[in-house]
Amino acid sequence: MEKKQKTYIEDIDRGIYDIKNEVRYSYKAEKGLTPEIIKEMSKEKNEPQWMTEFRLHSLEVYHSLDLPPWGPDISEVDMENIITYIRPDTNLNTSWKDVPEDIKETFDRLGIPKAEREALAGVGAQYDSEVVYHSIKQELVDQGVIYTDMETAIHEYEAIVKEYFMKAVPPKDHKFAALHGAVWSGGSFVYVPQGIRVEIPLQSYFRLNAPGAGQFEHTLIVVEKGASLHFIEGCSAPMHSVINLHAGCVELFVKEDATLRYSTIENWSRNMYNLNTKRAIVDKNATIEWVSGSFGSKVSMLYPMSILKGEGARAEFTGITFAAQGQTLDTGTKVIHAAPYTSSNINSKSISKGGGVAVYRGVVKIAENAHHSKSTVTCESLMLDNASKSDTIPVIDIRNDEVDLGHEAKIGRISEEAIFYLMSRGISEEEAKAMIVRGFVEPITKELPLEYAVELNNLINLELEGTIG
Amino acid sequence: MKDILAEINEAPTIQTNRLPVITWRWLKVNEFQLDDFTMEKVLPYNKGCFTAVPSGNIDVKAMAENIHYLEAENYFKNKGNIGVSDTFVKMVDTFYNTGAFIHVKDKIQDPVIISYKPDESNPMIMDKNFIVAEENSEVTVIIDYTSIDNTSALHNGLTKIYAKDGATINLIKLQDLNDTSINLDSNIAYIGENAKANYVSIEVGSDKSVVSYISNLEEEASESNLDSIYLVNGSRTLDMNYIMSHIGKKTLSRINAYGALMGKAKKTFKGTLDFKKGSTLSKASEEEYTILLDKTVKSQAIPLLLCQEDDVEGLHAASAGKIDEDQLFYIMSRGFSEKEAKKLIVESYFTPIIDKIPLSSMREEIQNIMNQRLMDV
């Protein structure tokens with residue numbers, strides 16, 4: 001058989017993400033995980049007693065749970081060799097001028113200060129274990145919107161934090177949720193009061209610079225009745241030869257009639273285990289919208305979960321996963337319909353190439369009382385060569401009869417007919433293929449804020465030669 | 001045998017029908033757990049099983065120790081997972097109490113009809129069936145598992161299919177054991193170049209029914225089609241594990257499963273399309289539709305799509321819902337009662353598959369069973 005020429009699709013250009021800084025810190029925990037390290041860390045952070053106790057309790061839970069028997073191999077993650085807490089050599093700043101030069105340069109290269117000036121209403125920037133910069137527009141402050149780092153929140157808004165902290169994701173949820181409860185540090189706290197519509201997005205950016213370290217930021221967002229918010233989360237790290245671990249936790253509380261859009265562009269380096277837990281509790285007639293782009297990391301296990309608790313609650317999930325050589329990206333979403341008239345709409349796309357493994361793993365569960373619920377799931381996978389792997393593992397679990405559920409999944413190559421059609425319209429073969437691959441990810445890019453959409457298109461560089469598939 | 005029985009009797013629960021790739025434990029879909037299952041020994045089944053044996057170049061015999069077809073035996077020996085669980089497969093493979101060996105050498109027009117009918121004196125069916133089709137031959141085998149009294153029966157069956165190049169094997173199975181019986185049914189096929197294994201599975205009985213179909217599409221243009229219909233009522237449970245394993249190039253597979261759930265029925269459908277590396281230019285599709293007739297039903301579907309090859313096409317769709325109100329209203333406007341209308345709609349999903357059965361008497365029998373089971377709609 002004639003050997004077909006394969007289209008080669010370039011790796012994401014990691015240039016700017018891979019520049020690492022010298023590690024300077026004011027406090028660094030010992031490697032490993034003991035009650036002493038945790039007490040020390042809690043003391044260092046000057047935390048209230050209940051939080052110290054919460055951490056110690058979580059540590060016990062961590063030791064009582066096993067690693068999941070399903071999914072990618074994560075046996076390489078050895079907590080004895082992970083530094084759980086590194087405080088950078090700076091305090092929290094409210095002006096970029098006060099941020100140490102090398103850290104500021106890092107965020108400059110990632111485009112954060114520029115985005116802040118042009119398109120955001122507030123920015124948080126975390127470097128290793130602590131937030132180094134936080135700001136919010138005065139007009140939002142005047143409306144009562146709170147956007148600050150978790151460390152500040154735990155002191156200044158202790159009652160709210162205590163009410164919600166790890167209530168959506170309890171430590172016993174899984175081993176890495178427990179780990180998070182024990183060693184969490186940094187992250188953002190957002191509180192949008194009743195009826196306030198935040199028109200311009202807020203963004204937090206998490207950067208892990210130190211090798212062999214873990215990042216465990218906690219993001220807690222409460223959107224009160226009738227309010228709305230768009231929150232963007234970005235993450236990256238430079239490449240190191242030892243493994244790094246990200247076990248963050250995102251808890252979102254979307255109250256009656258409120259709307260929250262939570263967008264993530266994750267571009268961790270290829271030595272990162274990204275074992276992140278995200279969950280939204282959605283009340284009556286409220287909406288959660290997840291937009292999730294997974295590009296980096298060595299192994300990802302990421303399944304944002306929506307619990308539709310109130311009547312008429314809605315969840316939307318739009319996700320794209322791009323797995324290249326050496327990557328196993330096991331991603332998807334979980335939706336629990338726990339009230340009548342709830343609806344969910346899931347749209348997932350994945351591309352795998354060069355030996356990468358892309359897995360869609362999901363579940364839609366419709367509880368006994370969730371009558372008149374609707375759910376639509378669409379999964380599409382594109383394999384660019386046969387060294388790669390792509391699995392779709394959805395679970396549908398229905399417990400009453402008044403439901404309308406549809407699930408569809410497709411895997412395949414780029415259709416020759418589509419290429420031929422475009423070529424018949426005077427478009428070159430290369431361009432036709434590029435258009436089709438871009439068209440494949442378009443439903444996702446159109447959900448992203450403009451500058452990210454542009455970035456995503458740049459990330460998928462096409463170098464075309466011969467046919468695809 | 002002691003070892004197998006000990007394994008079964010000492011385990012608090014027995015794991016069966018494991019999902020080829022497992023997922024979250026809290027969903028309890030990775031295995032079907034058979035609780036409180038014990039058995040003392042394999043009881044004899046002292047009835048014949050052949051209802052009709054066609055003439056022509058075909059050997060049909062009762063399964064016996066001296067029957068061998070080494071090529072196929074070696075193939076299945078090295079295949080690993082071939083059924084509902086290793087233990088149950090080993091049990092029937094070694095300690096069967098009935099079964100059929102069918103060796104086809106030509107295109108055989110009329111079907112081989114086999115009936116296993118448990119009763120008070122024969123409450124256990126451990127049938128080991130072995131169907132070998134030589135090159136370019138063709139056969140249809142119908143196997144009927146039906147209770148004829150109220151005895152709680154145990155069926156643990158294994159049907160091995162070996163379709164050599166160009167051969168076609170059609171296997172039609174009806175399971176209508178009574179509502180206190182347990183059904184464990186393993187079906188595994190080797191499918192050669194341009195060969196076909198086609199199944200029609202009709203599942204309407206048993207308190208717990210655990211069914212496995214595995215098709216290994218080993219060679220170029222191997223093909224397998226599985227048409228499955230099920231009706232689960234009362235407080236019965238059905239767990240299906242269907243696997244289409246695409247190994248050869250240009251292989252084809254299709255799964256169509258339609259069913260209805262009533263009362264406190266529980267159904268789990270696991271359908272896997274697995275494109276192994278090297279299965280270039282293969283195509284597979286899977287469609288599952290469940291009609292939910294009562295608010296107390298539980299319906300799970302796990303349609304897996306596993307892929308290690310780029311030049312393939314795979315598609316799966318699963319859906320579930322109530323009977324379409326407009327359709328119902330339309331039929332009722334023609335003078336039918338709501339009950340009758342619902343029955344008609346459910347039956348209309350099943351008819352295309354029932355029509356694939358070449359025997360009019362069996363089609364009628366199935367219609368009657370469906371009617372009975374749909375009484376409480």
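The values are calculated or read from the model by the stated rules, or taken from the named source; none is laboratory data. This is a predicted model, so every value here is computed, not measured. Heads up, the Cβs are rebuilt from the backbone with ideal geometry, glycines too, and the neighbour counts pull from every protein chain shown. Each accessible area value is taken on the protein alone, full model and side chains, heavy atoms only, with ligands, DNA and RNA left out. Shrake-Rupley method; radii C 1.70, N 1.55, O 1.52, S 1.80 Å.
Quick look at the numbers
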{"quantity": "So A:Gly144, is it open to solvent by 10 Å² or more (accessible area, probe 1.4 Å) and either touching a strand residue (DSSP E or B) at 6+ places or on another chain (Cβ under 7 Å) or in the same structural domain as A:Val282 (by TED's automatic domain parsing) (or both)", "calculated": "yes"}
{"quantity": "Test: residue in the range A:91-99 that is assigned to a helix (DSSP H, G or I) and without any contact (Cβ under 8 Å) to a residue 24 or more places away in the chain", "calculated": "yes"}
{"quantity": "Leading residue by the ranking (least open to solvent (accessible area, probe 1.4 Å)) among those in the range B:65-98 that are part of a loop (DSSP other than H, G, I, E, B) and free of Cβ contacts under 8 Å to residues at least 12 places away in the same chain", "calculated": "B:Gly80"}
{"quantity": "The one condition in (1) within 8 Å of chain A (Cβ to nearest Cβ); (2) small (Gly, Ala, Ser); (3) touching a Gly at 6+ places or on another chain (Cβ under 8 Å); (4) surrounded by fewer than 19 Cβ atoms within 10 Å (Cβ to Cβ) that B:Gly321 fails to fulfil", "calculated": "(3)"}
{"quantity": "Subset tally (residues that are at the interface with chain B (Cβ under 8 Å from one of its Cβ atoms) and part of a strand (DSSP E or B)) for the range A:380-393", "calculated": "7"}
{"quantity": "Qualifying position, being in contact with a Gly (Cβ under 6 Å, 6 or more places away or on another chain) and over 17 Å from A:Ala213 (Cα atoms), among A:Ser58, A:Ser42", "calculated": "A:Ser58"}
{"quantity": "Candidates A:Ile160, A:Ile136, filtered to the one that is touching a residue at least 24 places away in the same chain (Cβ under 8 Å), farther than 25 Å from A:Arg207 by Cα and of a type in the set (Val, Ile, Thr)", "calculated": "A:Ile160"}
{"quantity": "Residue tally, condition open to solvent by less than 90 Å² (accessible area, probe 1.4 Å) and either within 24 Å of B:Lys266 (Cα to Cα) or in a loop (DSSP other than H, G, I, E, B) (or both), over the range B:16-52", "calculated": "25"}
{"quantity": "Filter result for the condition that a residue is more than 14 Å from chain A (Cβ to nearest Cβ) and either within 27 Å of B:Ser245 (Cβ to Cβ) or open to solvent by 10 Å² or more (accessible area, probe 1.4 Å) (or both), over B:Leu306, B:Leu315, B:Leu328, B:Leu359", "calculated": "B:Leu359"}
{"quantity": "Qualifying positions in the range A:152-178 - among the charged types (D, E, K, R), outside any loop (DSSP other than H, G, I, E, B) and surrounded by fewer than 21 Cβ atoms within 10 Å (Cβ to Cβ)", "calculated": "A:Glu156, A:Glu158, A:Lys162, A:Glu163, A:Lys172, A:Asp173"}
{"quantity": "Qualifying residue in the range A:212-230 (condition: assigned by TED's automatic domain parsing to the domain that holds A:Gly32, of a type outside the set (Gly, Ala, Ser), assigned to a strand (DSSP E or B) and at pLDDT below 90)", "calculated": "no"}
{"quantity": "All positions within the range B:1-15 that are closer than 24 Å to B:Ser206 by Cα and either touching a helix residue (DSSP H, G or I) at 6+ places or on another chain (Cβ under 6 Å) or surrounded by 12 or more Cβ atoms within 10 Å (Cβ to Cβ) (or both)", "calculated": "B:Ile4, B:Leu5, B:Glu7, B:Ile8, B:Asn9, B:Ala11, B:Thr13, B:Ile14, B:Gln15"}
{"quantity": "Residue satisfying condition, being touching a residue at least 12 places away in the same chain (Cβ under 8 Å), within 14 Å of another protein chain (Cβ to nearest Cβ), over 19 Å from B:Ile161 (Cα atoms) and not β-branched (Val, Ile, Thr), within set B:Glu120, B:Glu31, B:Glu40", "calculated": "B:Glu31"}
{"quantity": "Meets criteria (crowded, with 16+ Cβ neighbours inside 10 Å, within 21 Å of the chain's Cα centre (by Cα) and assigned to a loop (DSSP other than H, G, I, E, B)) for B:Gly157", "calculated": "no"}
{"quantity": "Lone qualifier among A:Ile351, A:Ile396, A:Ile366 - being in contact (Cβ under 8 Å) with a residue 12 or more places away in the chain, more than 8 Å from every other protein chain (Cβ to nearest Cβ) and closer than 23 Å to B:Leu19 by Cβ", "calculated": "A:Ile366"}
{"quantity": "Residue among B:Ile247, B:Ile229, B:Ile191 that alone is closer than 22 Å to B:Ile357 by Cβ and out of contact with any helix residue (DSSP H, G or I) (no Cβ under 9 Å at 6 or more places or on another chain)", "calculated": "B:Ile191"}
{"quantity": "Residues (under 27 Å from B:Ala221 (Cβ atoms), open to solvent by 20 Å² or more (accessible area, probe 1.4 Å) and more than 8 Å from every other protein chain (Cβ to nearest Cβ)) located in the range B:279-301", "calculated": "B:Leu281, B:Lys283, B:Ser285, B:Glu287"}
{"quantity": "Subset of the range B:125-139 (residues that are open to solvent by 20 Å² or more (accessible area, probe 1.4 Å) and of a type outside the set (Asp, Glu))", "calculated": "B:Lys128, B:Asn136"}
{"quantity": "Of all residues making up the range A:65-80, the number that are in contact (Cβ under 8 Å) with a residue 40 or more places away in the chain and either surrounded by 15 or more Cβ atoms within 10 Å (Cβ to Cβ) or more than 14 Å from chain B (Cβ to nearest Cβ) (or both)", "calculated": "9"}
